[in-house]
Amino acid sequence: MQVSSLPVTGLLGAPEGAIAVVMGSGETVTYGQLEDRSCRLAQRWWADGLRPGDHVALMMENHPRCFEVTWAALRSGLRITPINWHLTADEAGYIIDDCDATALVTSAKLAGVVAAAGSALDRVTSRLVADGDVPGFDRYENALAASPAERLEREVTGSWMFYSSGTTGRPKGIVHPVQEKPFGEVDQGLTLMLQGLFGFGSDSVYLSPAPLYHAAPIGWSIAVQRLGGTVVVMEKFDAEEVLELIERHRVTHAQFVPTHFIRLLKLPETVRTARDVSSLRAVIHAAAPCPVEVKSAMMDWLGPIVHEYYAGSEGNGFCYASPADWLAHPGTVGRSLLGPIHILDEDGTEQPVGEPGQIWFESGVSFEYHHDAAKTRESVNDKGWSSLGDIGTLDADGFLYLSDRVSHMIISGGVNIYPQEVENALAVHPAVADVAVIGVPDPEMGEQVKAVVELLDPDDASDELGAELIAYCRERLAAYKCPRSVDFVGELPRLPTGKLRKRDLRARYWPGAA
């Protein structure tokens, strides 16, 4: 056991009684409790033999324990990987094994998945479960009760190792160089950005409606806690509950993905106007391109407080569009704040203004994909610029516009078609709840465009509605971009982060695509 004489005064100096976390269900955690419990878990891991540089996996639904586990890792010099709790045992086991975890914290809700992971847990020597039992795991609460609440004698700042979402293949861990620093003496980049761009402070109340295993929800929530603000966490996104929570907790800041916007806008007008959302100072969105009509409607509703950014867990680029930027450049995801952006064609030739190509960042930020040297090499070109695999254009003022991902592009008769543009057009149709556009086999053209649609009312599915959607699209886009056919499904395979598992859709139409 390592013990210091430092008093417990609240995490990073926040008042002990201040609220650090409020769950949508009502459970609260104070800063004093967060400090006490994260110290106890850090002590338990030390007793279990974990040392700075070792790896912790966290597989838990949106749960108040997520924050104390994260802070325990960040104050112990450990790398922490949050794992998507919607994954199968095989998928989750792959990440637990691939990230070299020696500690795992989970919940009884996921007992079946964890138990089925089998040999993937072989190197995991420290195993804790909250809210119940899993064979071979110690109860989380018992472990904390048996550990001292004192801070470790030597607290070292830990780090994240997020995994890519795996929408096009096996996810890969994203590794950044780590310099050992005393806990608290951390890179303040994200925290300063939240203050400078979005006006976060100690009085902020931040609504996080997305899963905490994703980089933005957990990363931004931790940054808010560094500032002493309150994080309101939804167990699961529900459009009407979002408005209720904003009103109840006087939420000042919230972060969404475009799918959330669409579902909020499709609430009945009486529901949307029944709640007081005037406390909002900034609404932030990212993760996917947002249809212009959708964002315009959000601006009309909430006022010019809707901010946007474009970035990835790799941290190699960051673009930002203020409300004023976007109103002057509709559809942009902003200008780069981390160095020049280059738009290159397949031969590496720089594209002129307005011409699409792969987006490359000249930011100087380095990263690797864990256990995948080939993928690391593919993400960096001969000039040292790095890419997330997205396609876009730059305008004359340096504002970036996203088209789609390289891997999603449809090539029909030798012509490039970007599905995101078609999805944006169809998403605002009154009957559409969600839509994905993919290329399917065509004997003459190679690929043809197909729309796979989830309806607000599944009983509306018909050939006539399919024809209406195609016509609706043709009113907005060139005919060659529009779907040749429409399929209706009960639910699209979309991750709670808003990203679509297009490989799952393609597997239905392309033999061997999975």
*In the stretch 155-167, what residues are more than 19 Å from H55 (Cβ to Cβ) and in contact with a Pro (Cβ under 9 Å, 6 or more places away or on another chain)?*
S165
*Please specify each residue of the stretch 469-487 satisfying the condition of being surrounded by 18 or more Cβ atoms within 10 Å (Cβ to Cβ) and part of a strand (DSSP E or B).*
V486
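Residue by residue, here is whether (1) open to solvent by 40 Å² or more (accessible area, probe 1.4 Å); (2) at pLDDT 95 or above; (3) among the aliphatic types (A, V, I, L, M); (4) in contact with a strand residue (DSSP E or B) (Cβ under 6 Å, 6 or more places away or on another chain) holds:
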| residue | (1), (2), (3), (4) |
| --- | --- |
| L194 | no, no, yes, no |
| S204 | no, yes, no, yes |
| L207 | no, yes, yes, yes |
| Y213 | no, no, no, yes |
| S221 | no, yes, no, yes |
| T230 | no, yes, no, yes |
| D238 | yes, yes, no, no |
| R248 | yes, yes, no, no |
| V251 | no, yes, yes, yes |
*(1) surrounded by fewer than 16 Cβ atoms within 10 Å (Cβ to Cβ); (2) in contact with a strand residue (DSSP E or B) (Cβ under 7 Å, 6 or more places away or on another chain); (3) of a type in the set (V, I, T): which one isn't true of T81, the others all being true?*
(1)
*Does G466 satisfy the criteria of being modelled with pLDDT of 90 or more, surrounded by fewer than 21 Cβ atoms within 10 Å (Cβ to Cβ) and in a loop (DSSP other than H, G, I, E, B)?*
no
_Looking only at the stretch 103-127, count every residue that is in contact (Cβ under 8 Å) with a residue 40 or more places away in the chain and of a type outside the set (S, T, N, Q) and tell me the total._
8
_Please determine whether any residue of the stretch 108-119 is assigned to a loop (DSSP other than H, G, I, E, B), open to solvent by 20 Å² or more (accessible area, probe 1.4 Å), of a type in the set (K, R) and modelled with pLDDT of 95 or more._
no
*Within the stretch 122-175, work out how many residues are aromatic (F, W, Y) and more than 30 Å from G32 (Cα to Cα).*
1
*asked:* Checking V124 against (1) open to solvent by less than 10 Å² (accessible area, probe 1.4 Å); (2) closer than 24 Å to V21 by Cβ, only one condition comes out false. Which one?
replied: (2)
_Evaluation of W71 against (1) surrounded by fewer than 24 Cβ atoms within 10 Å (Cβ to Cβ); (2) in a helix (DSSP H, G or I); (3) touching a residue at least 60 places away in the same chain (Cβ under 8 Å) (one fails), failing number_ = (1)
*Go through L58, L50, L41 for me and flag whichever is in a strand (DSSP E or B), crowded, with 20+ Cβ neighbours inside 10 Å and at pLDDT 95 or above.*
L58
*Matching residues in the stretch 256-273 - criterion: being part of a helix (DSSP H, G or I) and open to solvent by less than 70 Å² (accessible area, probe 1.4 Å)*: P258, T259, H260, F261, I262, L264, L265, V271, R272
*Since E293 meets every condition but one in (1) of a type outside the set (S, T, N, Q); (2) in contact with a Cys (Cβ under 7 Å, 6 or more places away or on another chain); (3) open to solvent by 20 Å² or more (accessible area, probe 1.4 Å), which condition does it not meet?*
(2)
*Within the set of pairs 6+ apart or on separate chains, which have a first residue in the stretch 377-390 that is touching a residue at least 60 places away in the same chain (Cβ under 8 Å), a second that is in a helix (DSSP H, G or I) and not aliphatic (A, V, I, L, M), and C-beta atoms under 6 Å apart?*
none
*asked:* Can you tell me how many residues within the stretch 86-102 are touching a helix residue (DSSP H, G or I) at 6+ places or on another chain (Cβ under 6 Å) and closer than 25 Å to N142 by Cα?
replied: 1
*For H342, which of the numbered conditions (1) of a type outside the set (D, E, K, R); (2) open to solvent by 20 Å² or more (accessible area, probe 1.4 Å); (3) within 30 Å of D98 (Cβ to Cβ); (4) in a strand (DSSP E or B) fails to hold?*
(3)
*What are the residue pairs meeting all of these: first residue in the stretch 337-357, first residue in contact (Cβ under 8 Å) with a residue 40 or more places away in the chain, second residue open to solvent by 50 Å² or more (accessible area, probe 1.4 Å) and part of a strand (DSSP E or B), Cβ atoms under 8 Å, and 6 or more apart or on different chains?*
H342/E350; I343/E350; I343/Q358; P356/N416
*Looking at this structure, is E68 at pLDDT below 95 and touching a strand residue (DSSP E or B) at 6+ places or on another chain (Cβ under 8 Å)?*
no
*Would the stretch 357-366 turn up any residue that is modelled with pLDDT under 95, more than 25 Å from Q179 (Cα to Cα) and more than 23 Å from the chain's Cα centre (by Cα)?*
yes
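The values are calculated or read from the model by the stated rules, or taken from the named source; none is laboratory data. All values derive from a computational prediction rather than experimental measurement. Every residue, glycine among them, receives a Cβ derived from its backbone with ideal geometry; neighbour counts consider all protein chains shown. Ligands, DNA and RNA are excluded from the accessible area calculation, which covers all protein heavy atoms including side chains. Shrake-Rupley method; radii C 1.70, N 1.55, O 1.52, S 1.80 Å.
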